[in-house]
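These notes concern the structure reproduced below.
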Amino acid sequence: MPQASLFRQITDFANRADPYPLYEELRRTPVLHEEDGPYVISSYYDIEALLHDPRISSDAANVTAAGDDELSGPEATGLPPSFIRLDPPEHDRLRRIANRSFGPPHRPRRIENMRGELGEIVTGLIDGFGDARQIDLVDEFAYPFPVTVICRLLGVPREDEPRFRAWVDPIVAGLDPDTRTSAESERTAQEARLQLGMYLNGLVEQRAREPRDDMLSDLVNSRGPDGAMTTMEVLSTSVLLLIAGHETTVNLITNGMLTLLRHPEVLARLRNDPGLSVRIVEELLRYEPPVQIVPQRTCIADIELRGVTIPKGSHIWLMLAAGNRDPERFKDPERFDPDREDIQHLGFGSGIHSCFGAPLARLEAQIALSELARRLENPRLVEDPPPYRQNAVLRGPRHLNIAFDGLR
């Protein structure tokens, strides 16, 4: 395989179902630079170091200056960049304000207190399979679950959830490169973004007048040492939670169920021991991470890495999924092993941009997978490999058809 084509093969849809042999080959050249392309980094330790390196910028303006990124996905919401597309100090200010309403120390139990509600949503979705003996796990479970959860977290009234989902669907579809080329799908997504923005703006105004016990009220009324978010910052943070929190969780659950069906002995253990879901989800985040690549990074100074000088202004892609299977870091990395003693994966990134919603995504996946394992009688794959989404960054099956004998 000529090395010059390796980068393009990884982004080629033909290899989406199993990119891991390509990642293995990529690691032989830990700093790969093909003509007119980004610098591609594939070693675990290098990726982790760069995720903590202040010479690497996430600022959308720097990424644009370094050249358009074909895999970055449009953030054309008409809103200012969310904090994941900013550098310190502005990133730090916005993330701290957002975190006050999401986790410790100000709301230490907000996510844990959702456990019962998450269980109810999962039970309702599984009950909704009814007498069917075959389902598409993506459309009927993994897709509706996270958007319902985000609605409840933000405080979207339950009667508005169907409208909310109708806006989210075309926006999320617009993240996929295969739909991005269609003028009609882009128009639909643009209209949905406009409608969603207007709806959220109305909700923000309402929460400013009448705060409730939800995250949107916290964001609107936060008056901590970092000051308050502007209305536009509240809106961009809400949209970030919605889009980033949705697609990644869909892929985590779908990749998870696919992996368990390929490892029936682990699925059987989970059925009998729901507590195993904690270890299973951590190993899934290493073995089949929902975010495979971090493409939106730019050098703001020259960086020396493994004898290669990466010049200031260069574009860098961090191949998280390749790092997660690096034999320099993990013993027997190609094996799915929830009993692995050391699973310090890159599935949620690392450093200042480590996944903001990780506690919620973990809990959603743990509850979803343990309940699917418990409730589905004799589940099996209808098609393996399943059809995948086009997106190489947010990698996961577009459909996952599962046959089963009934519901427990």
Can you name every residue in region 382-408 that is hydrophobic (A, V, I, L, M, F, W, C) and closer than 18 Å to LEU260 by Cβ? VAL382, LEU400, ILE402, ALA403, PHE404, LEU407
How many residues does region 364-408 hold that are assigned to a helix (DSSP H, G or I), of a type in the set (A, V, I, L, M) and open to solvent by less than 10 Å² (accessible area, probe 1.4 Å)? 5
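Name every residue in region 81-91 that is in a helix (DSSP H, G or I) and open to solvent by less than 50 Å² (accessible area, probe 1.4 Å), in order of residue number.
PHE83, ARG85, HIS91
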If we scan region 343-350, do we find a residue that is open to solvent by 10 Å² or more (accessible area, probe 1.4 Å) and free of Cβ contacts under 8 Å to residues at least 24 places away in the same chain? yes
When the residues of region 15-61 are narrowed to those that are assigned to a helix (DSSP H, G or I) and open to solvent by 50 Å² or more (accessible area, probe 1.4 Å), which ends up farthest from PRO290 (Cα to Cα)? ALA61
Identify the residue in region 276-323 that is free of Cβ contacts under 8 Å to residues at least 40 places away in the same chain and not in a loop (DSSP other than H, G, I, E, B) and, among all such residues, is surrounded by the fewest Cβ atoms within 10 Å (Cβ to Cβ). GLU304
Here are some conditions: (1) small (Gly, Ala, Ser); (2) open to solvent by less than 20 Å² (accessible area, probe 1.4 Å); (3) under 16 Å from the mean Cα position of the chain (by Cα). SER354 meets all but one. Which one does it not meet? (2)
Picked from region 113-131 (must be of a type in the set (D, E, K, R) and either more than 26 Å from GLY103 (Cβ to Cβ) or buried (at least 19 other Cβ atoms within 10 Å of the Cβ) (or both)), the residue modelled with the lowest pLDDT is ASP131
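Residues are listed down the side, and each one gets a yes or a no for (1) farther than 23 Å from VAL281 by Cβ; (2) of a type in the set (Val, Ile, Thr); (3) part of a helix (DSSP H, G or I); (4) at pLDDT below 90:
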{"position": "VAL149", "(1), (2), (3), (4)": "no, yes, yes, no"}
{"position": "GLU159", "(1), (2), (3), (4)": "yes, no, yes, no"}
{"position": "LEU196", "(1), (2), (3), (4)": "yes, no, yes, yes"}
{"position": "ARG207", "(1), (2), (3), (4)": "yes, no, yes, no"}
{"position": "LEU240", "(1), (2), (3), (4)": "no, no, yes, yes"}
{"position": "GLY245", "(1), (2), (3), (4)": "no, no, yes, yes"}
{"position": "VAL250", "(1), (2), (3), (4)": "no, yes, yes, no"}
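The values are calculated or read from the model by the stated rules, or taken from the named source; none is laboratory data. Computed from a prediction, not measured in an experiment: that's the story for all the values here. Because the Cβ atoms are built from the backbone with ideal geometry, glycine has one as well, and the counts that use them run over all protein chains shown. SASA here: full protein model, heavy atoms, side chains in, ligands and nucleic acids out. Shrake-Rupley method; radii C 1.70, N 1.55, O 1.52, S 1.80 Å.
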